[in-house]
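As structure tokens, the structure follows; a few thoughts come after it.
A short reminder: the numbers here are calculations on the coordinates, not readings from a lab. Computed from a predicted model, the values in this text were never measured in an experiment. Note that we place each Cβ from the backbone using ideal geometry, even for glycine, and neighbour counts take in every protein chain shown.
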């Protein structure tokens, strides 16, 4: 499993609701989160999640942590878990 964020989805929703284009710079300015960090969230390339950033994004997007972060199963074939479950079924 890996953690992914829904920053892009939440930003698009906020833009629709507020009927305005919101740049990453604007998100940075309005949340106090550095532009580099906002860009990392926007490209889903954040590997460590800072609690203060999570809180700021949840407030900004008016959402819960579970709306911002999700667990996604790895889509890797032939993992040891899959091999053992295949053997057990056969």
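FRET efficiency for residue 2 and residue 62, Cβ-Cβ distance as r, R0 = 30 Å, nearest 0.05? Can you show the working numbers first?
Values: r = 26 Å, r/R0 = 0.86.
So the FRET efficiency works out to roughly 0.70.
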query: Could you give the length gained on full extension between residue 51 and residue 26, defined as 0.36 nm per residue of separation minus the Cα-Cα distance, in nm?
result: 6.9 nm
Label point distance in nm, residue 34-residue 12, each placed 7 Å from Cα along Cα→Cβ: 2.9 nm
statement: Rounded to the nearest 0.05, FRET efficiency between residue 71 and residue 42 (Cβ-Cβ, R0 22 Å) equals 0.65
